Amino acid sequence: MKKSTYQIISELPQDATEWQKDSAVQAYFHPGENNRYSDQPDTLGLPGQRADESQLVDYSLLHRPDGFAYTPIQGKAKTHIAVTCPETPYNPGSDQLVSGSLFLGILLAIPAFAISRGFVERQTKNFFYTENTRTTTVPDTTVELRNQVLLVAFTCLVLSLAYYCYALFWGDNRYDVASNHQLAGIYIAAFVGYFLIKAALYQFVNWVFFDKKKIEQWNKSLLFLTAMEGIVAAPAVLLFVFGNLSLSACLITVAIVAILTKLCTFYKCYLIFFQRFGAFLQIFLYFCALELIPMVGLVELLETLNNNLKINF
């Protein structure tokens, strides 16, 4: 049985030069003897050497769709070892559901913001002072209310996708779900439930302790702050998903927007309900019970979901 090129070169000293290797191969093989010229684009035979059928390798197995590459072991017929191929990193910008959800949310938020411009201007103008109880307020139309609800839904989408990116890219995390889309849906449902529960708690407590005029002022202010939180935080999330913004910069921006929103909520709470009382304890208890505790509960819920879904290797 004739030797292969690999066997000839392996018998040479390790410090053999390329010229010496080429000379040894040419000295062993004699071109012109028993030539076999293949009409295939890739041949395993050499001029002057008849290929041994037992040494042929099925190269159709070199690349498989199951994420593994197979490499032939030298000297064994059709024997392969599995080498794990590097996985393509997940990019939310190329995810059709994530990018489509953001694109649809922007298409709904832009006209909703334009239609609710009068409401936004009134709330911005009156944000830093309290309306007189005798002042006649401009009622919101049904169209304005509907578009304000759309802006709140857009806020839920932006914040949930920000946390979704944090959960996927902050550390080596794997999740026991059928797809990343289910994970995003879980986070969106958690944020929607958070805002609904918080609104219900505000309505109940305010109904017990305050009059109808103050409740109406507070509902409009809370709706305005929640809508603006999503609009201000949206550019950072968009730049991370579709641009080159780093994850840390995106999360820091969203956190700063959330903190400023809480501070504005505390200030508006003081102006509407507790300015005349002058009691620090009442406003502290009110704000902690209805704003901070639900937020801490949301964070604990999300961390619990992550711990239950995550698979640590």
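The values are calculated or read from the model by the stated rules, or taken from the named source; none is laboratory data. Everything numeric in this text was worked out from a predicted model, so none of it was measured. Side chains are part of the model used for accessible areas, which takes the heavy atoms of the whole protein and leaves out ligands, DNA and RNA. Shrake-Rupley method; radii C 1.70, N 1.55, O 1.52, S 1.80 Å.
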Report ³J(HN,Hα) in whole Hz for each residue of segment 105-111, in order, from the Karplus equation J = 6.51 cos²θ - 1.76 cosθ + 1.60 where θ = phi - 60°; Gly and Pro get x.
x, 5, 4, 7, 6, 5, x
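How many percent of the accessible area of segment 214-268 is carbon or sulfur, using a 1.4 Å probe?
Values: 1820 of 2370 Å².
Its accessible area is 77 percent carbon and sulfur atoms.
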When the Karplus curve 6.51 cos²θ - 1.76 cosθ + 1.60 is applied with θ = phi - 60°, which whole-Hz ³J(HN,Hα) does each residue of segment 147-164 get, with x for Gly and Pro?
6, 5, 5, 5, 5, 5, 5, 5, 4, 4, 5, 5, 5, 5, 5, 5, 5, 4
